[in-house]
1. Specify the residue that is nearest to B:K138 (Cα to Cα); the eligible residues are those in segment B:49-108 that are polar (S, T, N, Q) and modelled with pLDDT under 95.
2. Working only within segment B:156-202, note down all residues that are in contact with a strand residue (DSSP E or B) (Cβ under 7 Å, 6 or more places away or on another chain), among the charged types (D, E, K, R) and touching a residue at least 60 places away in the same chain (Cβ under 8 Å).
3. Within segment A:205-216, is even one residue assigned to a helix (DSSP H, G or I), at pLDDT 95 or above, of a type outside the set (D, E, K, R) and surrounded by fewer than 18 Cβ atoms within 10 Å (Cβ to Cβ)?
4. Which of (1) within 10 Å of chain A (Cβ to nearest Cβ); (2) free of Cβ contacts under 8 Å to residues at least 60 places away in the same chain; (3) under 19 Å from B:G238 (Cα atoms) is the odd one out, the single condition B:Q346 does not satisfy?
5. Would it be correct to say that B:L239 is in a strand (DSSP E or B), within 20 Å of the chain's Cα centre (by Cα), among the hydrophobic types (A, V, I, L, M, F, W, C) and crowded, with 16+ Cβ neighbours inside 10 Å?
6. Tell me whether segment B:187-200 contains one or more residues that are under 24 Å from B:I319 (Cα atoms) and not β-branched (V, I, T).
7. Among the residues in segment A:299-319, are any of a type in the set (S, T, N, Q) and more than 30 Å from A:V92 (Cβ to Cβ)?
8. Being of a type in the set (F, W, Y), farther than 23 Å from A:G235 by Cα and at pLDDT below 95, is that true of even one residue in segment A:111-121?
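The values are calculated or read from the model by the stated rules, or taken from the named source; none is laboratory data. Not measured: the values here are computed from a predicted model. Cβ: placed from backbone, ideal geometry, glycine included. Neighbour counts: every protein chain shown.
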Number of protein chains: 2
Amino acid sequence: SSLLLSLMLWKSKETEINEKSFMSETITPLKDLLSDSESMRKKFELFVMKVQKDVCHELQKVEDKDNDIDGNHESANFRVDRWTREEGGGGVSCVLEDGRVFEKAGVNISVVYGTLGAPAAQQMKSRGKAFKDNADLKFFACGVSSVIHPRNPNVPTLHFNYRYFEVQDVTNDEKYWWFGGGTDMTPYILDEKDVTHFHQTLKNACDRHNKTYYQKFKKWCDQYFFINHRNECRGIGGLFFDDIDHPNQKEAFDFVKSCADAIIPCYIPVVNNNVNKGYSYSDRQWQLLRRGRYVEFNLIYDRGTKFGLVTPGSRYESILMSLPLVAKWQYCHSPEPGSKEDRLMQVLKKPREWV
Amino acid sequence: SSLLLSLMLWKSKETEINEKSFMSETITPLKDLLSDSESMRKKFELFVMKVQKDVCHELQKVEDKDNDIDGNHESANFRVDRWTREEGGGGVSCVLEDGRVFEKAGVNISVVYGTLGAPAAQQMKSRGKAFKDNADLKFFACGVSSVIHPRNPNVPTLHFNYRYFEVQDVTNDEKYWWFGGGTDMTPYILDEKDVTHFHQTLKNACDRHNKTYYQKFKKWCDQYFFINHRNECRGIGGLFFDDIDHPNQKEAFDFVKSCADAIIPCYIPVVNNNVNKGYSYSDRQWQLLRRGRYVEFNLIYDRGTKFGLVTPGSRYESILMSLPLVAKWQYCHSPEPGSKEDRLMQVLKKPREWV
């Protein structure tokens, strides 16, 4: 019957993956990715392509919303750059710049592989197993990474990153794999309700898999996104984890998928709550100073940025898309005690429990 | 006679060093500094205090000049912060911010000493002698360091730094000392005449001491101020040297003094030549993008900044005064071939001989 036919077509439309499903052609040819449903490398490449598309799509919707209210502002669009790497693999960078809602938003995926020295392999992990010094190592790394800097100081900056690594010791044919990732937020003006919503959404994603995860990865996040020389956190935290290779590959991947599914619900409501709030010149100046701190963290401490910039054949424009469009540094700036800027600083100096 | 008396008073006025000679009280009590004319530590502390005063005084003159032409702009003044360090020593930071001519100008001196591990001692030198791994080391470091970011994109940024180090191996009582330093310039719009004047002035200072110095230290400067991930130099270079302990302490110090004497004549004429030139919105945007590169170099590569930020008790506000008031990052920005921005990039990609 035609009803059955319609249902079949609808079903096939919803599940069929084709070039149109993503922001660009995949790095590995799509038919190879779809040919082996057992390979985690292939499953993860399809996963990061999907996360990229979903997030870009959602951000574009916010950027375009009510665009015709004010004729002076035109919404910006994502620029899509697909690049390949001589040493193996490549990536897709999607960057929206100087928009109506988003001053700079980047969502990048990359799939890279090749051989690497043991010190570089060591650096890929924040802790855990050690590789032998003279090992002959092959690696595979696939991830999605994003930083979203809205224009309005009432809207926090978001960062997330989810990645899958494989390292193979060719000498003894041992193979290691692990997942890493996290989502964290950096407000300029503190709204406690928003921060609680953000953390609660991430906690729910964790709780579906392991009741100890949220506490552990929340703490790890506060420790990782820490600007040591200033003795303050970059933002109000979220989740950060690395070296996840338990209880098994399927369940570890399911956990990562739950985290990724939480990106839009933890952040987009916060954007919508604040995007139409007014702000003053001094709010904007404060935001730019805090963006200076963001630059300090990313260029001095962030392992991903440092690893990226020293990796041969890496694309520095994709790595540095995390930097804000504008940042300021004022000598000895210190917010007035009791001001809203000071209230934010109290939380950055001493991370709080939010749920 | 009264003539003789006047001459005597004039002579004494010119040579007498007192608290008024400097931007602030010295770190080591002035009477101690003046009590031992043989100690290089004391001579160098007096030297950096004098350089700081001379440069601040000269910059303030430029900042204040013609101040009354335009009622909208008020010139800014240097803020002076004297700080001490629990572990030994301290410093004086002079920073002028958001001025008429200078958007941010910092001239800092510091005198620090204490004990340090061999790895940190190693890091103080860019090459040369190695300290034993288990050595018990005492160090003394004294220097003057400055970054001057003018507001007008036609006026280049200047950086200079002159320093004296002592390391003493307590185990065997061996003592090492050396000087380091340099002056380099970062233009946003290239004026070849200005760059030639800048290099010629530095070459003259070198030539008075050793005919091989200019070539050697000019090359070292191009290599040091290099943004590796972008494959470009930070600016048009100048001088950079380290580990200078020859031919003897007196002559090495005399060379450093000649370099310091060249700071004002190599730079201030360049400021005066360009400070009243007009500039466009796009000139300013280009300057801000190049200031982003300045931040990248300082936070990712500069040994002084990195060493400073990991040294216990260091004053991060003084270290980070080198960062511009405002910086920008635009994804994949690339100047149009043949434009003036592109002409600058050609020189940054391939350092030229200027004299």
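1. B:T84
2. B:E166
3. Scanning segment A:205-216, I find at least one residue that is assigned to a helix (DSSP H, G or I), at pLDDT 95 or above, of a type outside the set (D, E, K, R) and surrounded by fewer than 18 Cβ atoms within 10 Å (Cβ to Cβ), so the answer is yes.
4. Exception for B:Q346: condition (1).
5. Taking the combined requirement at face value, the residue satisfies it.
6. yes
7. No, the conditions are met nowhere in segment A:299-319.
8. Yes - at least one qualifying residue is present in segment A:111-121.
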